[in-house]
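One structure is given here, and the rest of the page talks about it.
Bear in mind that the values in this text are calculations on the coordinates, not laboratory data. Predicted, not measured: the structure shown is a model, and the values here were computed from it. Here the Cβ is made from the backbone with ideal geometry for all residues, glycine too, and neighbour counts use every protein chain on show.
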Amino acid sequence: MADTTTEVAQSGAGVDTDALFQQSEIAADYVEGLLDILDLDGDIDELVKDDRPIVEVVGAGLTQLVGPAGATLEALQELTRLAVFRKNGEHSRLMLDIGGFRATRRSELQALAKKVADEVAQYGNPVRLDPMNAFERKCVHDVINARKDVVSESEGVEPDRRVIVSPA
């Protein structure tokens, strides 16, 4: 059985926070049903943060829902977005996190992006990173965009889309 809590944080002006919160509620219900079917326990937090609905699931024994390199998590996120679309007819930018995987991965990618940016700035040679999903690319772009000495761009087609970091 899943426990659900809600939180609204850091929403910008002009954003329909109620609609975003409704998306997170629909998603949480969907995920709760999934956990019940799989007979897994987890606490579900519904959030609206940075103008994006977020559902976080925490609990023991959920690593199988993350899968290798987060592949299962990505698939579950797409299914959850589809459940939201099916319910309200609107596409969602909902983010699903299970067991803190995305938070941990974000920290790893920020460290990688900083290291690569420092190398590119020092030596002047562009660096092509390994293929990444959209979440991972955004984490890297955010770090690079905060600097003035390097730039980043994505190239390629999924699943081989990657970030290239170049001198500014």
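A few comments on the model shown:
- In the stretch 2-99, the C-alpha radius of gyration followed by the widest Cα-Cα span (Dmax) gives 12.8, 40 angstrom.
- From phi via Karplus (6.51, -1.76, 1.60), per-residue ³J(HN,Hα) for the stretch 112-119 in Hz, x at Gly/Pro: 4, 4, 5, 4, 5, 4, 4, 4
- Ranking 107, 154, 77 by how far each Cα lies toward the positive end of the dipole of the chain (charges on Cβ) leaves 154 at the top.
- Each Lys or Arg adds one and each Asp or Glu subtracts one; over the other residues with Cβ under 12 Å from the Cβ of residue 98, this totals -3.
- Backbone geometry of the stretch 61-67 corresponds, through the Karplus equation with coefficients 6.51, -1.76 and 1.60 at θ = phi - 60°, to 3J(HN,Hα) couplings of x, 9, 4, 5, 7, 8, x Hz, x marking Gly and Pro.
- Percent of beta bridges antiparallel (DSSP, the chain, rounded to nearest 5): 55 percent
- Largest to smallest principal axis extent of the C-alpha atoms in the chain, angstrom: 53, 38, 25
- Projected label distance in nm at residue 69 and residue 121, using a 7 Å step from Cα toward the beta-carbon: 2.9 nm
- For residue 148, a cut-off of 17 angstrom between C-alpha atoms picks up these aspartates and glutamates, skipping any fewer than 8 places away in its own chain: 118, 119.
- Table column - 3J(HN,Hα) (Hz), the stretch 86-94, Karplus curve with 6.51, -1.76, 1.60, x for Gly and Pro: 4, 7, 10, x, 10, 5, 10, 9, 3
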